[in-house]
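What follows is one structure encoded as structure tokens, with my remarks underneath.
Here, each number is a calculation from the coordinates, and none is a lab measurement. Bear in mind the structure is a predicted one, so any value in this text is a computation, not a measurement. Neighbour counts run over all protein chains shown; Cβ positions are idealised from the backbone, glycine included.
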């Protein structure tokens, strides 16, 4: 079966790819939120996550760093550094800045779920641009099955 015939069959089954892609993105958002709430209890569990959330809270305050505590070893947090009286996360600021939007809204755990949904929409758009809508839809559906995307 040629690629053209496969595309025609998929087009006949799914005349409106956009609605399907939005549905897949919505499922990714809901599952991501369910995992964040039900499995991870809306709190970071790894040291990296703690550092990202710390820095996001600092950014949400409109600052690049906060003053170090009087005796920093008493407030040790992995991957959160104290240098010259300043306390900050060790990672580049990109994800922490994105997470700061969630902190400001009071729902930082939704950032990953929303990012997953938007990622699948971007996967579809790239697949449609480089190949065709059928391939793009397949890539989007396969993306939804990835545990890395949903966690």
Rounded to the nearest 0.05, FRET efficiency between residue 104 and residue 19 (Cβ-Cβ, R0 25 Å) equals 0.20
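If you average the sequence gap of Cα pairs under 8 Å that are 6 or more apart and divide by the length of segment 17-150, what percent do you get for the contact order?
Details: 165 pairs, mean separation 42.2, N = 134.
Relative contact order of segment 17-150: 32 percent.
For a Förster distance of 25 Å, can you work out the FRET efficiency between the beta-carbons of residue 142 and residue 90, rounded to the nearest 0.05? If you can, show how the numbers build up before the last one.
Working: r = 34 Å, r/R0 = 1.36.
Once the sixth-power term is evaluated, E becomes 0.15.
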Taking Cα atoms only, helix 3-13 is inclined relative to the longest principal axis of the chain by an angle, in degrees rounded to 10, of 80 degrees
If one compares the long axis through the Cα atoms of helix 47-60 with the longest principal axis of the Cα atoms of the chain, the angle in degrees, nearest 10, works out at 80 degrees
Cβ density ranking, 10 Å radius, fewest first, applied to 50, 122 yields 122, 50
Among (1) 17.2; (2) 18.8; (3) 17.6, the entry matching Kirkwood radius over Cα pairs in Å as calculated here is (3)
GNM of the chain, Cα pairs under 10 angstrom: of 96, 68, 116, the biggest fluctuation goes to 68
Subtracting the Cα-Cα distance of residue 79 and residue 130 from 0.36 nm times their residue separation yields 14.4 nm
A correct fewest-to-most ranking of 65, 91 by other Cβ atoms within 10 Å would be 91, 65
Rounded to the nearest 10 degrees, the helix 110-130 long axis (Cα) sits at an angle to the longest Cα principal axis of the chain of 40 degrees
